[in-house]
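I have placed the structure first, in the form of structure tokens, so that the comments after it can refer back to it.
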Amino acid sequence: MTTPNPLLQVRDLRVAVGERTVLHSVSFDVQPGSLVVLMGANGSGKSTLGMALAGHPRYHATAGQALLAGQDLLPLPAHERAHAGLFVSFQAPPDVPGVKNNLFIRTALNAQHEARGQQPLDAFDFLASAKQAAKELGLPETLLGRPVNEGFSGGERKRNELLQLALLQPRLALLDEIDSGLDVDGVRAVVALVQRLRSAGTAFIVVSHYLQMIEQLQPDTVLRLDQGCIAESGGLELARSIARTGFARPPLQTLGVEA
């Protein structure tokens, strides 16, 4: 049986924030529909990876490639990376004052449709699907008509990120500590949504240290970042080992790995 081409290929990626290099020669693959869990101590570079892939202007890729379905993301502006099928959630989702949540998401979704040559959704059809998705995620319907994240609780902000994910249905989603601030029902909603989107072909990179959720997600690969390098790769047992012993582990050679 032939192995499918990776959806995401990261090769020798190096990222600087200002004058400081945060990621050093990171390489890994993500297969279509697979799930990679990214673990690491604070400051190891997990969020930097997500922001660099998303095209945040403060995170500058100084070397390497990040190919999504064969297209190099790094030269593209952020909106074209999204059009290519990338979704990155915020660890701390910001407020967008004055912009209604439903308008924000519909505008993003229709921009995707336009980039792919598809017909835009009208307000009625979009609102029906948004209300259904919000209900499934436990997000109060009234929040759809409020400014993005303004006055939302921590859990509501994370559910709102999940709502965007559910409606945009990207090729690849990087979820940065999506479980932070969520209650038990919220974590269940994460797992259910990830499973549903994976069955439709979406691949995931999930940054988390919450072992119970990681076990429910059943990752294909677990990667441990250490000082800006992939220091260790494995399966679910690696996540369990980190949960038992923490991140104080013997240094290992940086690995290029495939998920």
Give the shape of the range 1-102 as rounded, prolate or oblate, defined through the alpha-carbon gyration tensor: a ≥ b ≥ c are the square roots of its eigenvalues, a/c under 1.5 means rounded, and otherwise the shape is prolate if a/b is larger than b/c and oblate if not. oblate
Express in nm, to one decimal, how much length is gained between residue 20 and residue 65 on full extension, taking 0.36 nm for each residue of separation and deducting their alpha carbon distance. 14.3 nm
Counting only Cα, what are the radius of gyration and maximum Cα-Cα distance Dmax of the chain, in Å? 18.0, 56
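Report, in deg cm²/dmol and to the nearest 500, the calculated mean residue ellipticity at 222 nm for the chain, where each DSSP H run with n ≥ 4 adds -39500 (n - 2.57) and the sum is divided by the residue count. Each step should come with its number before you reach the end.
Details: 8 runs with 93 residues, N = 259.
For the chain, the value works out to -11000 deg cm²/dmol.
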Between the modelled labels at residue 237 and residue 169 (7 Å from Cα along Cα→Cβ) the distance in nm is 3.8 nm
Looking at the chain, send over the antiparallel percent of its DSSP beta bridges, to the nearest 5. 55 percent
Quick check: Cα centre of the range 119-146 to Cα centre of the range 1-48, how many Å? 33 Å
Residue 216 to residue 141: FRET efficiency via 1/(1 + (r/R0)^6), r the Cβ-Cβ distance, R0 30 Å, to the nearest 0.05? 0.65
About its Cα centre, what dipole magnitude does the chain give when the only charges are +1 on Lys and Arg Cβ and -1 on Asp and Glu Cβ, stated in debye to the nearest 20? 60 debye
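Taking the beta-carbon count within 10 Å as an exposure proxy, list 100, 135, 158, 46 from fewest neighbours to most.
Ascending number of Cβ neighbours within 10 Å: 135, 100, 46, 158.
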Return the single residue from 246, 55, 64 with maximal mean-square fluctuation; model: Gaussian network over the chain, springs between Cα atoms under 10 Å. 246
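Readers should treat all values here as calculations from the given coordinates under stated rules, not as data from a laboratory. All values derive from a computational prediction rather than experimental measurement. We place every Cβ from the backbone using ideal geometry, glycine too, and count neighbours over all the protein chains shown.
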